[in-house]
Amino acid sequence: AQSVTQLGSHVSVSEGALVLLRCNYSSSVPPYLFWYVQYPNQGLQLLLKYTSAATLVKGINGFEAEFKKSETSFHLTKPSAHMSDAAEYFCAVSEGAAGNKLTFGGGTRVLVKP
Amino acid sequence: DTEVTQTPKHLVMGMTNKKSLKCEQHMGHRAMYWYKQKAKKPPELMFVYSYEKLSINESVPSRFSPECPNSSLLNLHLHALQPEDSALYLCASSQDQIGADTQYFGPGTRLTVL
């Protein structure tokens, strides 16, 4: 069975500082991993995904994530936070055999301080 | 265009009402999904349709009835709901029901059951 753990339900960063959101997964097969962002009262938007190609994945809005199999991690980073990055971020895992069933982590709410 | 549309945006219904949520995509995707998201929680999968056939039902109560009339349209029929069913209902679609496929989400319907 697949599962995702996001460390820290809330993260507060200063504008211009590094954003680091942690995600660890559990999967019995090589996983597909996703990061989504959700702004208030909106749906989810894909930031980036890992599908067994390059381990360092670049996404939209300056975000990137690195897949580390040995650590079963897929942490999301952005070098310099912007006020518009304030949102809820979800890490998700999909196992191909499960028919594209996404299992989400609990989410991390990012607050950006001016 | 990666847009998934959902109507209505908001819905308030009594426990004896019958209502329907609608989801539409014109990306040629063959898999469509319904998720339920409670406040401050991640989305939870309810149903998956693949090539207009129900593929996954996550043991959802029968008061929720999905329907896929054609490859672009997905409905969720609601009847005799409970107040605890109040949530944001998200629709998503993907090219196919393959683990690596990105799911594109609509903005959601916020449902309140009185």
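The values are calculated or read from the model by the stated rules, or taken from the named source; none is laboratory data. As the structure is a computational prediction, the values presented were derived from the model and not from experiment. In this analysis, Cβ positions are derived from the backbone assuming ideal geometry, glycine residues included, and neighbour counts consider all displayed protein chains. Keep in mind that these areas ignore ligands, DNA and RNA; they rest on the heavy atoms of the full protein, side chains included. Shrake-Rupley method; radii C 1.70, N 1.55, O 1.52, S 1.80 Å.
Can you list residues from other chains, or at least 5 along the same chain, whose modelled amide H is less than 5 Å from the amide H of B:Thr102?
B:Gln95
Let me know the mean shielding of B:104-111 by other chains, meaning the per-residue number of their Cβ atoms within 10 Å of its Cβ.
3
Per-residue counts of other Cβ atoms within 10 Å, averaged by peptide: what ranking do you get for A:31-40, A:5-14, A:59-68, highest first?
Highest-to-lowest ranking by the protection proxy: A:31-40, A:59-68, A:5-14.
Describe numerically, in nm with one decimal, the distance between label points set 7 Å from Cα along Cα→Cβ at B:Gln95 and at B:Lys40.
Going by the 7 Å Cα→Cβ label model, 3.9 nm.
Considering only DSSP beta bridges whose two residues both sit in the protein assembly as shown, what percent are antiparallel, to the nearest 5?
90 percent
Run the dipole for the range A:47-114 about the Cα centre, Lys and Arg Cβ at +1, Asp and Glu Cβ at -1, nothing else charged, and hand back the magnitude in debye, nearest 20.
40 debye
Return the loop-located GluC sites (Glu not before Pro) in the range B:3-86 (DSSP other than H, G, I, E, B) with at most 12 other Cβ atoms within 10 Å of their own Cβ; answer none if there are none.
B:Glu3
Just to check I understand the Karplus step: with θ = phi - 60° and J = 6.51 cos²θ - 1.76 cosθ + 1.60, what whole-Hz values come out for the range B:15-28, glycine and proline as x?
3J(HN,Hα) across the range B:15-28, in whole Hz: 5, 9, 6, 10, 9, 9, 9, 10, 9, 9, 9, 10, 9, x.
Under a straight-distance cross-link criterion of Cα-Cα below 25 Å, which lysines are reachable from A:Lys68, leaving out those fewer than 8 residues away in the same chain?
A:Lys49, A:Lys58, A:Lys78, A:Lys101
Of chain B, which part is the longest with no trypsin sites (Lys or Arg not before Pro) in a loop (DSSP not H, G, I, E, B) and with at most 10 other C-beta atoms within 10 angstrom?
Longest stretch, sites excluded: B:41-114.
Stretched out fully, how many nm does the piece from B:His10 to B:Arg30 gain, at 0.36 nm a residue minus the Cα gap?
4.6 nm
Within a 10 angstrom radius of each residue's Cβ in A:76-85, how many Cβ atoms of other chains show up on average? Whole number is fine.
Counting other chains' Cβ atoms within 10 Å and averaging over A:76-85 gives 0.
Restricting the count to DSSP beta bridges whose residues both fall in chain A, what percent are antiparallel, rounded to a multiple of 5?
Around 90 percent antiparallel, to the nearest 5.
What are the ³J(HN,Hα) values, in whole Hz, obtained from phi via the Karplus relation 6.51 cos²θ - 1.76 cosθ + 1.60 with θ = phi - 60°, for each residue of the range B:75-86 in sequence order, with x given for Gly and Pro?
10, 10, 8, 10, 8, 6, 6, 10, x, 6, 7, 4
Can you work out the base-10 log of I(q)/I(0) for the range A:33-114 at q = 0.14 1/Å, using the Debye formula on its C-alpha atoms alone?
-0.48
When the dipole is taken about the Cα centre of chain B, and only Lys, Arg (+1) and Asp, Glu (-1) are charged at their Cβ, what size is it in debye, to the nearest 20?
Charge dipole, chain B, about its Cα centre: 460 debye, nearest 20.
How many nm separate the modelled label positions at B:Glu67 and A:Ala1, each set 7 Å beyond the Cα in the direction of the Cβ?
3.4 nm
Using the Karplus curve 6.51 cos²θ - 1.76 cosθ + 1.60 with θ = phi - 60°, what ³J(HN,Hα) values do you get for each residue of the range A:30-42, in whole Hz, with x for Gly and Pro?
3J(HN,Hα) across the range A:30-42, in whole Hz: x, x, 9, 10, 9, 10, 10, 10, 10, 8, x, 6, 10.
Treating only the Cα positions of the range B:33-114 as identical point scatterers, give the base-10 log of I(q)/I(0) from the Debye formula at each q in 0.20, 0.23 Å⁻¹.
-0.94, -1.23
In nm, to one decimal, how far is the A:Gln42 label point from the B:Ser59 one, both placed 7 Å along Cα→Cβ?
It is 3.5 nm.
Summing both sides, how much accessible area is buried between B and A? Use a 1.4 Å probe and give Å² to the nearest 100.
Separately minus together, B and A give about 1700 Å² buried.
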